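Peer 1: One structure, pasted below without further comment.
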Amino acid sequence: MSKNKFLVVCSLLLTVTIFSCKKNTDTITNTEEADPILQISNKAETDRIDIANDGASVPFTSMETTSKSVQATAAVYPYELIYNGKINPIKDNQNKPLSALDVTSLGNNYFGVAYMTIGEKYYGGVDVFKLSANNNPELISSVTSPNADINKIKIGGNKIFLGVDLKDYEARNFQAPAVVGMVDINNTGLQNPQYIPLKGYSVTDLDYSAANNKLYAASAENGGLSVISFNNGTPSLTSFAYYGALRAITFSGADLFASNAYSYSKFNPSTAELLNLQSWPVRSDDVQIGALTTAPNGNFLFGNNYALIYVNKTTNALIDQVDLGGWIYSISVVNDKIYIAAGNSIVVATIENGHLKLLAKTHFESTFGAGNFVINNVHVTGDKVVVTCGTKGTYVFTLKPKA
């Protein structure tokens, strides 16, 4: 079978069919030894750390925007990114760099990064790093997966959860390539790799709920929403609902939602029962694009090929949209600011008087030189900003008021 997976940097088209949405209650009650899939190294590496130009400033520039409802020129965003170094990507067995895709926090000072191979070949990895007293990145542990890509990463319940796209799934008698991998976190590194096979091609999103100790996984093409529960630390797949080309998961309060490029639905967080299917008021033109998160007021922020879209959760009405001029790969909200990975830019926005307002953007090429900076994910926690840039690697910054 040819490789079929979610790629934010390629133009592979996946099916957008909404399946029957009938819940499948098949339960997988055991996990298998995962060392052949997830190979852990708890040796600290230094050769991939690059702190040249440490302390360089990456400025934000102001933006003018006309939104659907409001015309406004944003004031200059009074912050700048102070560069603290980068982690060059893991390389495959042919010495070619992997693509840094997703990033998550492990506490306030620890982070995890997921890698995959662009194209038909399978090879993935994970880096776990911390920040030194000078905010420089220091690698702690790494995971490689020679027969699998790792598309997503999430932390919860003292575990790192991984969205895995497995090449040799048929040889393992799995029904599809989508797999959730997990490793335990302890004081010295990572241990106890495990995995649970899912339905569908490629894990496109992961979300963990500390409130009910459940992991939610979205899988694309013939996949859907999987609910993984933990009994005395042992994971099992307890619920599943078909949903075509599922792209993203978000919580709005206690409500669980998942979406693809064309529609979204509320789900029962325990049974995965689909409760209310809605079509986006502005859909994406490309099935692989459809970033989703929840605004502080509970409404939705949806990103498609070109625009940030603000949707009323209760009425499904379009509140506002702003054109960013590039594919939106990720959206994250910290306090009252919205951080968007759009093409080769980081865009900062906010919601003001009920409407979207773009504040600023930055380009890496002006600081780090010419090159293809595909910004796949922007992760902000406190004043730390971690940016995954494909084969360029993972860039670490401190967000500071502009002098």
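The values are calculated or read from the model by the stated rules, or taken from the named source; none is laboratory data. No experiment lies behind these values; they were computed from the predicted model shown. As a convention, Cβ positions derive from the backbone with ideal geometry for all residues, glycine included, and neighbour counts pool all protein chains shown. When the accessible area is computed, the model is the full protein with side chains, heavy atoms only, and any ligands, DNA or RNA have been set aside. Shrake-Rupley method; radii C 1.70, N 1.55, O 1.52, S 1.80 Å.
Peer 1: Tell me whether region 358-369 contains one or more residues that are farther than 30 Å from Y110 by Cβ and out of contact with any strand residue (DSSP E or B) (no Cβ under 9 Å at 6 or more places or on another chain).
Peer 2: no
Peer 1: Could we say that A241 is farther than 22 Å from I340 by Cα and open to solvent by less than 20 Å² (accessible area, probe 1.4 Å) here?
Peer 2: The answer is yes for A241.
Peer 1: With among the hydroxyl-bearing types (S, T, Y), farther than 21 Å from N151 by Cα and at pLDDT 90 or above as the only criterion, which of S239, S226 stands out?
Peer 2: Selected residue: S239, the only one of S239, S226 that is among the hydroxyl-bearing types (S, T, Y), farther than 21 Å from N151 by Cα and at pLDDT 90 or above.
Peer 1: Testing N231 on (1) under 17 Å from I196 (Cβ atoms); (2) open to solvent by 40 Å² or more (accessible area, probe 1.4 Å); (3) at pLDDT 95 or above, one condition comes back false. Which one is that?
Peer 2: Unmet for N231, out of (1) under 17 Å from I196 (Cβ atoms); (2) open to solvent by 40 Å² or more (accessible area, probe 1.4 Å); (3) at pLDDT 95 or above: (3).
Peer 1: Further question: Looking only at region 52-97, filter to residues that are among the β-branched types (V, I, T) and at pLDDT below 60; which one of those is farthest from V113 (Cα to Cα)?
Peer 2: V70
Peer 1: A further question on this structure: Considering only residues of region 144-169 that are open to solvent by less than 30 Å² (accessible area, probe 1.4 Å) and among the small types (G, A, S), which is farthest from D205 (Cα to Cα)?
Peer 2: S145
Peer 1: Another one. Select, from I319, I331, the only residue that is touching a residue at least 12 places away in the same chain (Cβ under 8 Å), assigned to a strand (DSSP E or B), open to solvent by 10 Å² or more (accessible area, probe 1.4 Å) and in contact with a His (Cβ under 9 Å, 6 or more places away or on another chain).
Peer 2: Only one candidate passes the filter, namely I319.
Peer 1: Here's a follow-up. For region 334-349, what are the residues that are surrounded by fewer than 20 Cβ atoms within 10 Å (Cβ to Cβ) and of a type outside the set (G, A, S)?
Peer 2: The answer is V334, N335, D336, K337, N344.
Peer 1: If D285 satisfies every condition in (1) open to solvent by 10 Å² or more (accessible area, probe 1.4 Å); (2) part of a loop (DSSP other than H, G, I, E, B); (3) touching a Leu at 6+ places or on another chain (Cβ under 6 Å) but one, which is the exception?
Peer 2: So D285 meets the others, but not (3).
Peer 1: Those residues that are basic (K, R) and farther than 30 Å from A211 by Cα, I need them from region 148-182; list them, please.
Peer 2: Within region 148-182, K167, R172 qualify.
Peer 1: A follow-up question, please. Condition test on S270, is it open to solvent by 40 Å² or more (accessible area, probe 1.4 Å) and in a loop (DSSP other than H, G, I, E, B)? Please lay out each step first, then the result.
Peer 2: Working: open to solvent by 40 Å² or more (accessible area, probe 1.4 Å): yes; in a loop (DSSP other than H, G, I, E, B): yes.
Against the criterion (open to solvent by 40 Å² or more (accessible area, probe 1.4 Å) and in a loop (DSSP other than H, G, I, E, B)), S270 qualifies.
Peer 1: Search region 196-228 for residues being assigned to a loop (DSSP other than H, G, I, E, B) and of a type outside the set (S, T, N, Q), and hand back the single one that is farthest from N158 (Cα to Cα). Break it down into steps so the answer makes sense when it comes.
Peer 2: Residues of region 196-228 assigned to a loop (DSSP other than H, G, I, E, B): 198-200, 210-213, 221-223.
From the residues that got through so far, the ones that are of a type outside the set (S, T, N, Q) too are 198-200, 210-211, 221, 223.
On the way: L198: 22, K199: 25, G200: 27, A210: 11, A211: 14, E221: 30, G223: 27 Å.
Only one residue fits best here, namely E221.
Peer 1: Also: Are there any pairs with C-beta distances below 7 angstrom linking a residue in region 177-190 that is on the phi > 0 side of the Ramachandran plot to a residue that is open to solvent by 10 Å² or more (accessible area, probe 1.4 Å) and modelled with pLDDT of 85 or more, with the two at least 6 apart or on different chains, and if so which?
Peer 2: Listed by first residue and then by second, the contacts come to G189/I140.
Peer 1: Take the residues in region 170-195 that are in a loop (DSSP other than H, G, I, E, B) and open to solvent by 10 Å² or more (accessible area, probe 1.4 Å), then tell me which one is farthest from G119 (Cα to Cα). Steps first, please.
Peer 2: Residues of region 170-195 in a loop (DSSP other than H, G, I, E, B): 173-177, 187-188.
Okay, now just the ones that are also open to solvent by 10 Å² or more (accessible area, probe 1.4 Å), so 173-175, 187-188.
On the way: N173: 24, F174: 22, Q175: 22, N187: 36, T188: 34 Å.
Across region 170-195, the extreme among qualifying residues is N187.
Peer 1: Residues G200, G163: which one is in contact with a strand residue (DSSP E or B) (Cβ under 8 Å, 6 or more places away or on another chain) and at positive phi?
Peer 2: G200
Peer 1: If a residue counts only when it is of a type in the set (D, E, K, R), which strands (runs of 3 or more DSSP E) contained entirely in region 350-403 have at least 1 such residues?
Peer 2: Here the list reads 355-363, 384-388, 394-401.
Peer 1: Under the condition of being more than 18 Å from S105 (Cα to Cα) and without any contact (Cβ under 8 Å) to a residue 24 or more places away in the chain, which residue from region 370-401 is most open to solvent (accessible area, probe 1.4 Å)? Working first, answer last.
Peer 2: Here is the first cut: in region 370-401, the residues more than 18 Å from S105 (Cα to Cα) are 370-374, 390-392, 400-401.
Among the residues that remain, those that are also without any contact (Cβ under 8 Å) to a residue 24 or more places away in the chain are: 370-371.
Numbers: A370: 94, G371: 26 Å².
The selected residue is A370.
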